[in-house]
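A short worksheet on the structure shown next.
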Amino acid sequence: MIHESIKALLGEDLTSKVEAALKGKGKDGKDVDLVVGNDGTFVPADKYDAVKTQSASAEKALKAAADALKAIGGSGDPAKIAEDVKTAQTTISTLQTNHTAEIKKIQKNTALKLALAGQVHDPADIISLLDLEKIDVDDSGNLKTDLDSLLKPIKETKSYLFKAQDQNPDIKGAKPAEPGAPPKTNTQGGPVIF
């Protein structure tokens, strides 16, 4: 459902087209949720959640770095201060490396979720089977890796994780009787019973 303020912005005609375009395109066939930015742009909810998670991760790393810096120079001894500075630099370097790795992981997961939307029942199931080291994203978080080549072995071994692409499956079995045709009879003149 689209919020009333967005409906007023888009108009009734465009709103109905947007709702129709988003219907059933989300996870598990649900409708896609959109988040409206302050500048009026529309962002997929998964991308918004990823940026929110990245922000929380950055705040956590910043707090840890601030705590490491607070520990410096409490004694007033120059040798101790020099040792504290080295320890703080090491801690900050480690935090920066961990934070960068976490941001890359968040970007990869978000790009994969967006790329897999509509193709699989649950993107998390597929992502857990992929080697994230083989996944590459650009600076804006868009997927650069050829996902089809990575998904091919999974499709072959675990096809049940993917949504059926054929909308008219070939159903095998008995052919139903033609409408209005008399029922088939057996050799004794009675109806055929299966």
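The values are calculated or read from the model by the stated rules, or taken from the named source; none is laboratory data. Since this is a predicted model, take the numbers as computed values, not measurements. With ideal geometry, Cβ positions are generated from the backbone for all residues, glycine too; neighbour counts draw on all protein chains shown. Accessible surface is based on the protein model in full, side chains and every heavy atom, while ligands, DNA and RNA are left aside. Shrake-Rupley method; radii C 1.70, N 1.55, O 1.52, S 1.80 Å.
If you go through segment 154-171 and keep only what is over 20 Å from the mean Cα position of the chain (by Cα) and modelled with pLDDT of 70 or more, you end up with E156, T157. Only a single criterion out of (1) within 30 Å of K155 (Cα to Cα); (2) at pLDDT 85 or above is not satisfied by G141, namely (2).
Output the residue which, of all residues in segment 1-32 that are part of a loop (DSSP other than H, G, I, E, B) and open to solvent by 100 Å² or more (accessible area, probe 1.4 Å), is modelled with the lowest pLDDT. Quick ask: steps written out before the conclusion?
Filtering segment 1-32 down to residues part of a loop (DSSP other than H, G, I, E, B) leaves 1-3, 11, 23-26, 30-32.
Going one step further and asking which of them are open to solvent by 100 Å² or more (accessible area, probe 1.4 Å), we end up with 1, 3, 23, 25, 30.
Working: M1: 50, H3: 58, K23: 75, K25: 70, K30: 69.
Looking at the filtered set, the residue picked out is M1.
Given the residues A117, A61, A65, A88, which is the only one that is in contact (Cβ under 8 Å) with a residue 60 or more places away in the chain, surrounded by 12 or more Cβ atoms within 10 Å (Cβ to Cβ) and of a type in the set (A, V, I, L, M, F, W, C)? The unique qualifying residue is A117.
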